[in-house]
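Written below as structure tokens is the structure these notes are about.
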Amino acid sequence: MCAVKVLILTASFGDGHNAAARNLRNALERLAPEDGQVEVLDLLEAAYGRLNHLACAAYLGLVRHAPSLWRTVYQLVDAAPSLSAAGSWSRLRRTLEDVLAAAQPDVVVSTYPVYADVVAELYRDHAERPFQFVTIVTDSLTIHSAWYQSPSDCWCVANEATAEVLVRGGVPSDRVAVTGFPVSPTFHDEAGVEVEEPVGGAARRILYMVNTGRPKLGRTLEELLALPRVHLTVAVGRDSELRSRLHQRLDAYGDRVRLLGWTNLMPRLLLSHHLVIGKAGGASVQEAIAARCPMIVNQTIPGQEEGNARLIAEEGFGCVVDGRRETIAAVERAFSDRARVWREWRERMTQASRPDAAYRIAEMVLADGRDGVCKPLFRGWAAGAVGGPAIVSASSASRPLLCDFHTHTNYSDGKLTVSELVDFYGRHGFDCICVTDHLADPRRVIGKLSRLSGLTLSPVQVDEYFEVIAREARRAWNRYGMIVMTGIEFNKDGCRARSSAHLLGIGLNEPIPANLDLPETIARIHAQGGLAVASHPHVMKSEWGKNTLYLWENQETFAPLLDAWEIANRENIFSPVALKRLPFIANSDFHKPKHIYSWKTVLDCSKDPEAIKECVRRNERVSITLYRRDRQLRHEPLSLPLDVPEPVAPGVAVA
Ligand code: ZN
Ligand code: ZN
């Protein structure tokens with residue numbers, strides 16, 4: 001059987017579209033790891049790049065500061081005959097044309113309404129379209145008409161009520177599949193997690209999701225905690241300043257309060273709580289339903305979220321409240337009288353819950369794809385945001401290993417999630433990467449600043465960070481034959497370059513506190529069998545130009561302790577490291593996709609984490625290479641591309 005190629009188109013407006021796309025991809029990969037090929041593409045991002053960022057920012061700005069204005073915009077667009085009349089999509093059409101020509105998918109899935117319009121323009125004759133086209137409607141009840149103005153082979157919707165809206169809008173009923181919203185397949189995989197009924201002496205576990213705009217948040221939380229047996233988990237998101245304020249304010253409640261940053265473990269949290277209080281986001285509402293966790297909606301974006309809020313209220317999955325007093329009253333009501341109201345909500349959710357929706361849609365998509373004629377494999381990937389070659393087959397026999405030991409994700413200031421990073425490097429044929437998000441020393445002034453701005457791992461996230469990377473490492477190995485190590489970049493920043501140091505801990509098994517001195521940190525890294533590497537140790541001529549010279553200036557102390565020094569970091573190359581004959585590696589310090597085109601390490605050793613670490617330690621059969629677009633460096637890692645100027649340090653140094 002040949003592979004079914006699935007292209008999933010998404011957009012970054014609101015949270016529902018990307019969530020649906022990501023969850024479907026995960027389900028496809030878990031269901032058919034060998035015989036499906038899946039790509040997720042934000043087509044708007046690919047077509048409009050920076051412009052799209054501005055549009056997303058404008059959208060968020062509108063939603064935050066002028067919800068009523070956003071409602072007007074939403075209605076205006078809704079009234080237009082088709083979205084293409086509301087703006088010019090010619091660039092979007094050209095981009096989609098290029099992507100389709102390169103990818104030749106069997107099935108295209110769209111989680112955003114505009115794309116159906118563009119596909120309809122490309123293939124005016126429905127019969128000529130060489131792929132199945134599936135639309136996943138990410139909203140409920142109040143559905144923008146753009147979702148069903150243009151043809152699809154099939155619409156997947158969250159529930160019966162939504163299906164009725166489509167049918168009333170003229171969609172043939174046999175084209176509408178009530179699959180449930182594709183929440184993360186983890187909701188299905190972990191469905192065994194049960195929470196004890198909140199009656200008698202049992203704790204009442206409430207998950208509080210902090211939204212944008214939160215008047216009197218501290219007071220609301222205190223009043224919730226004043227209710228008997230309430231235990232609160234507060235998900236603060238990226239606002240670490242807020243988190244530290246809440247931490248001080250709620251400290252006295254001890255283990256009745258748990259404060260979290262943003263988190264990847266939402267399924268487990270929802271499954272282990274009795275109530276969630278939060279905003280009526282498309283994904284959040286559907287996740288609550290999947291986890292059978294009744295919801296109190298305390299904020300709704302006018303327009304597209306109104307349907308989600310109505311779903312909660314009308315279906316009896318919880319309630320919609322306005323303000324602090326109503327929130328507290330709703331919680332009291334839910335748990336009073338042996339939690340009668342709560343049990344009613346829970347019962348109705350149990351009936352509606354479809355935690356396996358992503359798997360069901362994935363099965364449908366695979367079946368659709370197999371019905372079609374098999375197409376040749378993905379021919380290279382032309383689209384903007386995701387550059388580079390197509391999926392690469394796993395390891396071939398004993399060739400040198402292409403490695404990058406210094407990468408950042410959105411656990412600190414990187415742009416990609418861990419799983420996006422894994423797919424990105426996996427597709428580029430890498431053999432080993434290490435995820436090294438920033439962990440700032442809280443004792444340092446700069447550390448305090450950067451933690452406040454949310455750009456480094458917070459101590460409460462570190463356990464989750466290790467857990468998520470370990471899980472992704474298993475997937476990376478199964479799918480790409482790529483090793484993924486867990487690491488940390490310890491930021492010890494002073495006011496000046498000479499008092500600042502960044503230290504990479506590579507190949508770690510467990511967290512290391514942020515507030516240790518450098519020698520102690522290095523000792524802890526070594527105690528776990530990890531590598532301690534000086535990150536950008538010399539003067540950089542790069543865009544941000546903040547230098548970290550402490551380790552270099554104290555070489556006598558640190559050279560005996562460190563396993564290696566970065567001889568190159570992204571496009572910077574540090575010739576003094578070569579002149580001093582120090583052990584070396586080269587890394588991209590990856591923060592966003594374009595950073596992949598940078599200096600890398602090539603190791604001649606077997607593809608095994610211990611062998612890789614030992615190879616760096618001994619620093620024999622180590623080379624560096626400048627990774628560039630459109631060159632098959634993967635197969636000839638020891639040759640430099642011709643258009644690279646003579647490097648200052650040996651471009652290829654085999655030590
Ligand atoms: Zn750094
Ligand atoms: Zn870094």
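Read the figures in this text as sums done on the coordinates, not as results from a lab. Bear in mind the structure is a predicted one, so any value in this text is a computation, not a measurement. Every residue, glycine among them, receives a Cβ derived from its backbone with ideal geometry; neighbour counts consider all protein chains shown.
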- Message: For LYS541, give me every one of the lysines with a C-alpha distance below 24 angstrom, ignoring sequence neighbours fewer than eight places off in its own chain.
- Response: LYS415, LYS492, LYS580, LYS592, LYS594, LYS600
- For the stretch 136-175, just the Cα atoms, rotate onto the principal axes and tell me the three extents in Å, largest first. 19, 19, 17
- Query: Hey, can you rank 104-115, 510-521 by average C-beta count inside 10 Å, highest first?
  - Reply: 104-115, 510-521
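Report the Stokes-Einstein translational diffusion coefficient (µm² s⁻¹, integer) for the stretch 188-352, Rh taken as the Kirkwood radius over Cα pairs, at 4 °C with viscosity 1.567 mPa s.
Details: Rh = 15.9 Å.
Using the Kirkwood radius from Cα pairs, D works out to 82 µm²/s.
Using Cα-Cα distances under 8 Å and only pairs 6 or more residues apart, what relative contact order does the stretch 400-631 have, in percent?
Values: 529 pairs, mean separation 44.3, N = 232.
In percent, rounded to a whole number, it is 19.
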- Note on the structure: Per principal axis, largest first, the Cα atoms of the stretch 400-631 extend in Å by 42, 41, 35
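What is the local net charge at GLY507, summed over the other residues whose Cβ is closer than 12 Å to its Cβ (Lys, Arg +1; Asp, Glu -1)?
Details: positive: LYS613, ARG617; negative: GLU510, ASP563, ASP608, GLU610, GLU614.
So the environment of GLY507 carries a net charge of -3.
What net charge is computed for the residues neighbouring SER598, neighbours being all others with C-beta under 10 Å from the C-beta of SER598, Lys and Arg scored +1, Asp and Glu -1?
Values: positive: ARG570, LYS594, LYS600, ARG628; negative: ASP404, GLU571, ASP589.
Result for the local shell: +1.
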